[in-house]
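The values are calculated or read from the model by the stated rules, or taken from the named source; none is laboratory data. Small disclaimer: the values here were computed from a predicted structure and weren't measured. Cβ placement follows ideal geometry from the backbone for every residue including glycine, while neighbour counts extend to all protein chains displayed. When the accessible area is computed, the model is the full protein with side chains, heavy atoms only, and any ligands, DNA or RNA have been set aside. Shrake-Rupley method; radii C 1.70, N 1.55, O 1.52, S 1.80 Å.
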Amino acid sequence: MTSFLHFPATTTLPSLRGASPAARPNPISLCQSRFSVKCRYAEASVKSDDFNSAAIDVVADVRPERVVVLGGSGFVGSAICKAAVSKGIEVIGVSRSGRPTYSGSWIDQVNWIPGDVFYVNWDEVLLGATAVVSTIGGFGSEEQMQRINGEANVVAVNAAKDYGVPKFILISVHDYNLPPFVLSSGYFTGKRKAESEVLSKYPNSGVVLRPGFIYGKRKVDGFEIPLDLIGEPVEKILRATENFTKPLSSLPASDLLLAPPVSVDDVALAAINAIRDDDFFGIFTIAQIKEAAEKVRV
């Protein structure tokens, strides 16, 4: 038989002031606690005076969920922040504008950090994080799209890797079966460059979500744009006619009309599933995003 006599727990947090990323300890190790466990054991026929006792050190890896959402105040980013808060996950929202200007109970539960990924203080953002979700992306000139969709995400992936963050989720885009000359634009090449970086740095835990048109209620400069008035009925129509339209899916650019829209809530829930499911990694299509969302939908 075994009796546990004492469990004194000690946690030592090393000083991080002035440490370089290479010398900085893995943030996950900051959550580890060491327990000293003394056990006594003996066969039933042995007298208690003959008991052998030995101290056993047990390291408990305690990792509270702490998610960093890049572009957290945007359309998709805010949906992910809101969904994460509803699941009891600690959230840090990073964006150039910082805290959203509109109100919401979940907004007060997010730690908002204004900043640009090219200049942000990663010590303030990534220490202790268990996952990073990037919703960074946008349109503009070829150079701007390469920088926003590609280089910005590459910087974020490498920063997360340097800080020992175990998982990275990228919100990318469906290719719509477009011809190569269109896919060679800065928007798509930037996205694919970011995808390659995620899958290279995180081969067994990196997640790339490729939604098509994302609908929901989008807030822009104090106004609410009801994209769901378009996206939701189109999604239902395409779902109902899927058997008839499937033969057309091989045609170039056919998915501009045939790829079903995705609810921003489904994208958010798929991201939550990616955060929590260690077996969920790789590239995920529109249909797979919806399946992942169903796994965590309440």
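Report the net charge of residues surrounding V173, where surrounding means a beta-carbon distance below 13 angstrom and charges are Lys +1, Arg +1, Asp -1, Glu -1. Every neighbour counted, the sum reads +1. Taking a sphere under 15 Å around the Cβ of W112 and counting the other residues whose Cβ falls inside, with K and R at +1 and D and E at -1, yields a net charge of 0.
Near A292: Cβ cut-off under 13 Å, other residues only, Lys/Arg at +1 and Asp/Glu at -1. The net charge is -1. When you filter the trypsin sites (Lys or Arg not before Pro) in region 75-136 for DSSP loop state and at most 13 other Cβ atoms inside 10 Å of their Cβ, you are left with R96.
Spatially, region 108-128 and region 205-229 are offset by 22 Å when compared through their Cα centroids. Across the accessible surface of region 170-298, with the other protein chains kept in place and a 1.4 Å probe, carbon and sulfur atoms take up 60 percent. Over all Cα atoms in region 121-258, the spread is summed up by Rg and Dmax: 17.4, 53 Å.
Remark: region 211-298 is approximated by an ellipsoid whose semi-axes, taken from the C-alpha gyration tensor as √(5λ), come to 22, 20, 11 Å, largest first.
Accessible-area rank, largest first, for K201, K246, K193: K246, K193, K201, with all protein chains present and a 1.4 angstrom probe. Label sites at I283 and L229, each approximated as a point 7 angstrom past Cα along Cα to Cβ, lie 3.6 nm apart.
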